[in-house]
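J.: Have a look at the structure that comes next, please.
The values are calculated or read from the model by the stated rules, or taken from the named source; none is laboratory data. Note that the structure is a prediction, hence the values are computed from the model and not measured. Positions of Cβ are backbone-derived with ideal geometry, glycine not excepted, and every protein chain shown enters the neighbour counts. With ligands, DNA and RNA removed, areas are computed over all heavy atoms of the protein, side chains included. Shrake-Rupley method; radii C 1.70, N 1.55, O 1.52, S 1.80 Å.
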Amino acid sequence: MKEYLEKILTEALQKLNYAVKNIQFDKPKEEKFGDLSTNAAMLLAKELKTSPRKIAEEIINKLEYDNKLISKVDIAGAGFINFFISDNFYKDNLTTILGEKDDFGKSDLNKNKTADLEWVSANPTGPLHLGHGRGLCLGKAVANLLEWTGYKVTREYYYNDAGNQMNNLGKSVQARYMQLIDPDFPFPEDGYVGDYVKDIAKIIYDERKDSLKDSDDIDFFKKAGENYNFKLIRKTLDTLGIHHDTYFNESSLYENKIIDNILDEFKKRSLSYENDGAIWLKMDPDEGFQKDKVIVKSSGEPTYRLPDIAYHVDKLNRGYDLIVDIFGSDHGDTYKEVLYGVQMLGYDSDKIKVIIHQMVTFKMGDESVKMSKRSDNVVYLDDLVNDISPDATQFFFVMRGRNTHLDFDVALAKEQSEKNPMYYLQYAHARICGILRNADDNIPDHKNLDLKKIDPELIKSEDEIKLLKTLSRFPEEVESSAEGFEPHKIITYLNEVAENFHRFYHNNRVVDLENKELSKARLLICLATKQVFKNGFDIIGISAPERM
RNA sequence: GCGCCCGUAGCUCAAUCGGAUAGAGCAACAGCCUUCUAAGCUGUAGGUUACUGGUUCGAUUCCAGUCGGGCGUACCA
């Protein structure tokens with residue numbers, strides 16, 4: 001529809017010899033201002049130094065349009081041109097929705113393009129906890145959104161099996177193992193204190209008894225811990241319906257000499273230097289960096305920045321059209337350093353989009369618990385999911401814009417009542433399923449309805465038309481959500497659909513044996529609404545229940 | 001101190017690259033079930049968009065400053 005309006009408006013402007021860049025069509029907030037409106041006249045007013053209303057009148061006089069599609073065009077306010085789209089357009093849209101089914105809302109905007117989404121990427125030093133939740137659920141929905149606009153998406157997990165933290169895990173496991181033999185064995189000061197470390201030690205002890213008590217093979221304990229933890233992580237991801245296509249091992253960056261090559265490259269370009277036995281990367285103050293950063297410690301180990309830069313170089317070399325990373329705001333500065341490093345090596349970092357989300361506060365009972373990934377009092381994600389269900393976890397983490405500090409009300413997410421915003425949406429879907437079950441019994445031939453045989457004049461109430469209008473917007477809602485990586489917009493939109501559906505339901509009896517033709521027409525509306533819910537739920541990553 | 005993010009109804013949040021009278025849900029109040037699920041619907045009330053200035057025909061949106069909160073500011077990731 002927008003394309004059509006753009007076309008006829010451009011034609012009218014050409015006749016007047018006016019040139020406008022970025023013509024916008026917006027959905028006005030109020031119905032009396034039509035279905036779509038443009039501010040083209042206001043944009044012209046500045047250049048032409050005449051009143052916007054006068055220009056709007058000129059444009060309308062030159063405007064040629066199809067009366068079957070557009071019922072009225074008028075001017076309002078400061079010079080908005082408002083278009084009223086005919087009801088028939090929306091009725092025809094039913095055919096589109098019911099024809100495209102699970103594909104309704106998909107676009108080929110990014111057809112034949114590839115995208116790589118890397119997220120979660122938790123180190124296997126322990127199970128996933130609440131601090132991981134938001135990014136994890138956000139990524140699931142974003143991946144779906146990208147697919148809905150045509151991208152072929154690779155879901156990737158950066159597996160960090162090297163470095164300090166893993167050594168620390170090895171030492172922790174060893175200490176817990178030794179404590180099974182000698183309770184006085186000291187635990188490392190900054191070791192991992194979670195109970196899962198004891199579980200790992202117990203498994204090792206059950207298998208090997210005390211045969212390892214004199215061993216200093218930290219790698220053995222490390223590996224045991226890593227395997228155990230990664231199994232836990234994948235299990236949690238599995239219950240949340242998150243599946244990665246590839247796991248990229250950090251250690252491969254060393255094995256393939258990519259790290260060495262990049263180090264050489266930095267040196268060659270005089271971007272790095274040695275000081276105090278460490279290698280530093282020069283950071284440009286004009287880019288907002290306050291000081292240079294260490295990329296190789298004096299111990300010879302790289303800091304996280306170097307492999308991260310190498311990893312992104314590798315991703316760029318793989319040729320994706322879009323590369324997306326998801327991090328919490330606690331990484332807000334460090335990704336900039338990484339991108340800077342990538343740029344300095346001569347790569348175009350524009351393809352890399354970094355999604356940063358703000359931290360989450362969990363409301364549990366009367367207390368609020370802040371949960372960054374480094375928080376001391378750890379609550380495991382599994383416990384939350386078991387407590388409130390995978391759907392509620394997904395929904396509540398994705399419900400709000402990622403730049404807001406999310407307040408996660410655990411009691412509310414758990415509650416199975418009208419207070420819970422997720423149920424408002426799912427209930428609408430279940431309600432439609434109930435109507436369809438009723439129709440199965442009473443109007444058995446409803447399943448093979450032909451829209452062409454339905455008299456469009458039967459659909460005429462305000463509730464019905466409004467619902468159809470809302471449904472027709474779904475594809476553009478998907479596009480705009482995908483553009484900004486903002487799945488919460490889908491929820492906001494579905495809320496509007498639910499609102500309109502519930503009102504329609506309340507005022508219009510669907511299955512009416514006295515009036516089967518009308519029933520059939522309304523059943524089509526129900527089917528289309530159900531489809532939009534289902535597709536929206538698919539994107540945000542929750543189920544579409546048939547009964548509640 | 002410096003950098004990034006945020007501040008909208010009592011609470012949690014929306015608001016389409018600057019647009020028309022700032023919208024939902026919950027909570028509050030008043031109604032609606034002999035009819036397909038009342039996890040629903042209808043109505044009322046609730047606001048100086050933190051504050052102060054600026055740019056503009058028009059600012060919640062952009063700019064500057066102030067106040068308040070979050071996250072960073074490591075030879076941790």
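J.: Kindly report the accessible area of chain A per residue (heavy atoms of protein chains, probe 1.4 Å, no ligands, DNA or RNA), in Å².
T.: Details: 27310 Å² over 548 residues.
Each residue of chain A exposes 50 Å² on average to a 1.4 Å probe.
J.: Percent relative contact order of chain A, based on C-alpha pairs within less than 8 angstrom and at least six residues apart?
T.: Working: 812 pairs, mean separation 84.6, N = 548.
Result for chain A is 15 percent.
J.: Now, a different point. For the range A:293-318 and the range A:47-101, what is the separation of their Cα centres, given in Å?
T.: That distance is 54 Å.
J.: Hey, rough spin-label estimate for A:S270 and A:D333, points 7 angstrom out along Cα→Cβ, what's it come to in nanometres?
T.: The answer from the label model is 2.8 nm.
J.: Let me know the charge dipole size of chain A about its Cα centre in debye, to the nearest 20, where only the beta-carbon of Lys, Arg (+1) and Asp, Glu (-1) is charged. List each step's numbers first, then the result.
T.: Working: 75 positive and 93 negative charges, 278 e Å.
Taking the Cα centre of chain A as origin, the dipole is about 1340 debye.
J.: Applying 1/(1 + (r/R0)^6) with R0 = 41 Å to the Cβ-Cβ distance of A:K46 and A:E418, what FRET efficiency is obtained, to the nearest 0.05? Before the final figure, lay out the partial values.
T.: Details: r = 49 Å, r/R0 = 1.20.
Approximately 0.25, to the nearest 0.05.
J.: Under a Cβ-Cβ cut-off of 11 Å, what is the net charge of the residues other than A:K520 that fall near it, where Lys and Arg count +1 and Asp and Glu count -1? Write down the numbers at each step before the final one.
T.: Details: positive: A:K447, A:K453, A:K516, A:R522; negative: A:D445, A:D450, A:D455, A:D512, A:E517.
Counting the neighbours of A:K520, the net charge comes to -1.
J.: Taking K and R as +1 and D and E as -1, what net charge do the other residues with C-beta under 12 Å from the C-beta of A:I490 add up to? Write down the numbers at each step before the final one.
T.: Details: positive: A:R473, A:K489; negative: A:E476, A:E477, A:E479, A:E486, A:E496, A:D538.
Combined, the nearby Lys, Arg, Asp and Glu give -4.
J.: Using the charge dipole of chain A (Lys, Arg: +1 at Cβ; Asp, Glu: -1 at Cβ; taken about the Cα centre), state which of A:M283, A:H506, A:S519 has its Cα farthest towards the positive end.
T.: Comparing the listed Cα positions along the dipole, A:S519 ranks first.
J.: Multiplying the sequence separation of A:D321 and A:E207 by 0.36 nm and subtracting their Cα-Cα distance, what value in nm do you get?
T.: Working: separation 114, 0.36 × 114 = 41.04 nm, distance 4.85 nm.
Difference between extended and current length: 36.2 nm.
J.: Working out 0.36 nm times the residue gap between A:Y427 and A:D441, then minus their Cα-Cα distance, what length gain in nm do you get to one decimal? Intermediate values should be presented prior to the final figure.
T.: Details: separation 14, 0.36 × 14 = 5.04 nm, distance 2.14 nm.
Length difference between fully extended and current span is 2.9 nm.
J.: If you take every DSSP beta bridge whose two residues both sit in chain A, what share of them, in percent to the nearest 5, is antiparallel?
T.: Values: 24 of 47 bridges.
Antiparallel bridges make up about 50 percent of those DSSP assigns within chain A.
J.: Between A:K516 and A:E301, with labels modelled 7 Å along Cα→Cβ, what's the label distance in nm to one decimal, could you check?
T.: 7.7 nm
J.: Moving on to the next point. Taking 7 Å along the Cα-to-C-beta vector as the label spot, tell me the A:V294-A:D238 distance in nanometres, rounded to one decimal.
T.: It works out to 4.0 nm between the two label points.
J.: Which aspartates and glutamates, if any, have their Cα less than 19 Å from the Cα of A:K520, not counting same-chain residues under 8 positions apart?
T.: In chain and number order, the partners are A:D87, A:D92, A:D440, A:D441, A:D445, A:D450, A:D455, A:E457, A:E462, A:D463, A:E464, A:D512.
J.: Also, quick follow-up: Quick one: which residues, 5 or more positions from A:I295 or on another chain, have an amide H under 5 Å from its amide H? H modelled 1.01 Å from N in the peptide plane, none for Pro or chain starts.
T.: A:I279, A:W280, A:L281
J.: Something else: Which whole-angstrom value gives the distance between the alpha carbon centres of the range A:450-516 and the range A:240-290?
T.: A separation of 51 Å, based on Cα centres.
J.: Another question, then. When DSSP assigns beta bridges and you keep just the ones with both residues in the range A:70-194, what percent turn out antiparallel, to the nearest 5? Walk me through the numbers before you get to the answer.
T.: Numbers: 6 of 11 bridges.
Around 55 percent antiparallel, to the nearest 5.
J.: I need the chymotrypsin sites (Phe, Trp or Tyr not before Pro) found in the range A:217-289, filtered to DSSP loop residues with at most 16 other beta carbons within 10 Å of theirs. Please report the intermediate quantities before stating the final value.
T.: On the way: sites: A:F220, A:F221, A:Y228, A:F230, A:Y247, A:F248, A:Y254, A:F266, A:Y273, A:W280, A:F289; in loops: A:F289.
Filter output for the range A:217-289: A:F289.
J.: Turning to a different aspect of this structure: Which whole-Hz ³J(HN,Hα) couplings does the range A:200-214 yield from phi under the Karplus relation 6.51 cos²θ - 1.76 cosθ + 1.60, θ = phi - 60°, glycine and proline marked x?
T.: Karplus values, whole Hz, x for Gly and Pro: 4, 4, 5, 4, 5, 5, 4, 7, 10, 6, 9, 5, 9, 5, 9.
J.: Hey, which aspartates and glutamates would be in cross-link range of A:K152, C-alpha to C-alpha under 17 Å, not counting anything within fewer than 8 residues on its own chain?
T.: Leaving aside aspartates and glutamates fewer than 8 places away in the same chain, those within reach of A:K152 are A:D103, A:D108, A:D116, A:E118, A:D245, A:D321, A:D325, A:E479, A:E483, A:D538.
J.: Quick one: how many lysine pairs does the range A:173-264 have with C-alpha atoms less than 27 Å apart and a gap of 8 or more or different chains? Give me the count, please.
T.: Value for the range A:173-264: 23.
J.: Would you please classify the overall shape of chain A from the alpha carbon gyration tensor, given that a ≥ b ≥ c denote the square roots of the eigenvalues, rounded means a/c under 1.5, and beyond that prolate means a/b larger than b/c while oblate covers the rest? Let's see the in-between values first.
T.: Values: a/c = 2.88, a/b = 1.59, b/c = 1.81.
The shape class here is oblate.
J.: Gain in length, A:K54 to A:K68, computed as 0.36 nm per residue apart minus the alpha-carbon separation, to one decimal in nm?
T.: On the way: separation 14, 0.36 × 14 = 5.04 nm, distance 2.70 nm.
Value of the extension gain: 2.3 nm.
J.: Moving on. Per residue, what volume in Å³ does the Cα convex hull of the range A:319-477 take up? Write down the numbers at each step before the final one.
T.: Working: hull volume 35.3 nm³, N = 159.
Spread over its residues, the Cα hull of the range A:319-477 gives 222 Å³ apiece.
J.: Let's see if you can work this out: charge +1 on each Lys and Arg Cβ, -1 on each Asp and Glu Cβ, no other charges. What is the dipole magnitude of the range A:428-476 about its Cα centre, in debye to the nearest 20?
T.: Details: 9 positive and 10 negative charges, 37 e Å.
Approximately 180 debye in magnitude.
J.: Which of the peptides A:148-157, A:5-14 is most tightly packed, and how do the rest follow, going by the mean number of other Cβ atoms within 10 Å of each residue? All intermediate terms of the calculation are to be shown ahead of the outcome.
T.: Numbers: A:148-157: 20.5, A:5-14: 16.7.
Most protected by this proxy first, the peptides run A:148-157, A:5-14.
J.: Additional query: Quick one: pull the percent of accessible area on chain A belonging to carbon and sulfur, 1.4 Å probe, ligands and nucleic acids left out. Working shown, then result.
T.: Details: 12470 of 27310 Å².
C and S fraction of accessible area: 46 percent.
J.: From the cross-link list A:K27/A:K91; A:K101/A:K351; A:K29/A:K111; A:K113/A:K351; A:K111/A:K452, which pairs have alpha carbons spaced over 22 Å apart?
T.: Numbers: A:K27/A:K91 19 Å; A:K101/A:K351 32 Å; A:K29/A:K111 32 Å; A:K113/A:K351 12 Å; A:K111/A:K452 32 Å.
Distance filter (> 22 Å) returns A:K101/A:K351; A:K29/A:K111; A:K111/A:K452.
J.: If I take R0 = 25 Å and measure r between the Cβ atoms of A:R509 and A:L98 in this structure, what FRET efficiency does the formula 1/(1 + (r/R0)^6) give, to the nearest 0.05?
T.: 0.70
J.: Taking the Cβ-Cβ separation of A:T10 and A:E31 as r and a Förster radius of 25 Å, what is the calculated FRET efficiency to the nearest 0.05? Before the final figure, lay out the partial values.
T.: Details: r = 26 Å, r/R0 = 1.05.
Efficiency for this residue pair is about 0.40.
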